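Shown next, in structure tokens, is the structure this report addresses.
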Amino acid sequence: MEKTIIEKINEAAAYLKSQFSEQPKVGIILGTGLGGLVNEIKIEKSIKYEDIPHFPVSTVQGHSGRMIIGTIGNVPVLAMQGRFHYYEGYKMEQVTFPARVMKVAGINTLFVSNASGGLNPTFKVGDIMIITDHINMFGTNPLIGPNLEEFGPRFPDMSEVYSKRLTKMALEIAQKNGISLKQGVYVGTTGPTFETPSEYKMFRTLGGDAVGMSTVPEVIIAHHAGMEIFGISIITDSGVPGEIVEVSHEEVQKVAGAAEPLMTKVIKELVIEEFKK
């Protein structure tokens, strides 16, 4: 008999908890080309996704497909090196499965990162943007279907999805280190095509500052479960009229890799600052 989603989540979480020597304080989801933060983690264990019960397996270049247990500073963390995308053919339930597993595993704070296309004409390629809000253009919602009351309400409030408190802390850390951070609204789309010039224009008209193919589903699920969320994007290509050029996944990875050390510094210091006790 097929196990229920709750049973699968509980089994995956129980497996991860059996691997912890100390309860992680924060969960981290690392996006395309952004796995380098792992170099700042003192790794205790590195677990392949296929070894975690019921976990999907990442198929995208630039996503390693490992769950990292370790510490940043002295803060215990659980980091996903590689995420799952709707465009890979996964159901929303699978895309968002890790966020719920993290919650059941005792994590109440989630950091998410991604590579994105810039829509705001004041942004340039290589900029780093703190996500202050999002627009869901996936054409679906991961909460459609029976509500899992164990996690949250049927109709969750979305007035503050991304933590203003953590955003303020990140801006202070960036200023102290001479790092320029933008702030803006992330538009989440299915992909896997990059946007047409008209789509870029539409998303900008709707109020978007950056566009990408991830993050929104996991964040909706994490917010529903009551997690505090900090999101950050690296602008890897431009969707601004007059600046649009042909873009490839390899180019996105290259730009993300160049800007990553600054993003990593902000996240590392934010983790330490938030959880130093």
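Taking the chain as a Gaussian network, where each spring joins two C-alpha atoms under 10 Å apart, which residue of Met169, Met80, Met129 fluctuates the most? Greatest mean-square fluctuation among the candidates belongs to Met169.
Let me have the relative contact order for the chain, percent, based on Cα pairs under 8 Å that are six or more residues apart. Show your work: numbers first, answer last.
On the way: 543 pairs, mean separation 70.8, N = 277.
So the answer I get is 26 percent.
Just add up the charged neighbours of Ser21: K/R +1, D/E -1, any other residue whose Cβ is under 13 Å from the Cβ of Ser21. Walk me through the intermediate numbers first.
Details: positive: Lys17, Lys42, Lys45; negative: Glu22, Glu44.
Taking every Cβ under 13 Å from that of Ser21, the sum is +1.
In this structure, the pairs whose alpha-carbon distance is over 23 Å, taken from Lys176/Lys254; Lys48/Lys265; Lys42/Lys164; Lys124/Lys254; Lys168/Lys265, are Lys176/Lys254; Lys48/Lys265; Lys42/Lys164. Would you mind telling me which residue in Gly242, Gly208, Gly89 has the biggest mean-square fluctuation in a Gaussian network model of the chain, where springs connect alpha carbons within a distance under 10 angstrom? Sorting by GNM fluctuation, first place goes to Gly242. Shown here for segment 88-172: trypsin sites (Lys or Arg not before Pro) in loop regions (DSSP other than H, G, I, E, B) with at most 15 other Cβ atoms within 10 Å, namely Lys91, Lys124, Arg154.
Of the candidates Pro217, Pro121, Pro146, which one comes out as most mobile in a Gaussian network treatment of the chain with C-alpha springs shorter than 10 Å? The residue with the greatest mean-square fluctuation here is Pro146. When the charge dipole of the chain is built from unit charges on Cβ atoms (+1 for Lys and Arg, -1 for Asp and Glu) and taken about the Cα centre, the candidate among Asn147, Thr96, Ala13 whose Cα reaches farthest toward its positive end is Ala13. Largest first, the extents of the alpha carbon coordinates of segment 1-118 on the three principal axes equal 44, 38, 22 Å. Using a cutoff of 8 angstrom between alpha carbon atoms and counting only pairs six or more residues apart, the relative contact order for segment 148-240 works out to 39 percent.
For segment 107-234, what % of the accessible area comes from carbon and sulfur atoms, probe 1.4 Å? Walk me through the numbers on the way to the answer.
Values: 2960 of 5360 Å².
Solvent-exposed carbon and sulfur of segment 107-234 make up 55 percent of the total.
When its C-alpha radius of gyration is set against 2.2 N^0.38 Å (N residues), the chain gives a value of 0.94. The loop-placed GluC sites (Glu not before Pro) in segment 77-180, going by DSSP, that have at most 10 neighbouring Cβ atoms within 10 Å of their Cβ come out as Glu149. Residues in segment 117-167 average 52 Å² of solvent-accessible surface per residue, probe 1.4 Å, ligands and nucleic acids excluded.
The values are calculated or read from the model by the stated rules, or taken from the named source; none is laboratory data. What you are looking at is a predicted structure, and each value in this text was computed from that prediction instead of being measured. For neighbour counting, all protein chains shown are included, and Cβ atoms are generated from backbone atoms with ideal geometry for every residue, glycine included. Each accessible area value is taken on the protein alone, full model and side chains, heavy atoms only, with ligands, DNA and RNA left out. Shrake-Rupley method; radii C 1.70, N 1.55, O 1.52, S 1.80 Å.
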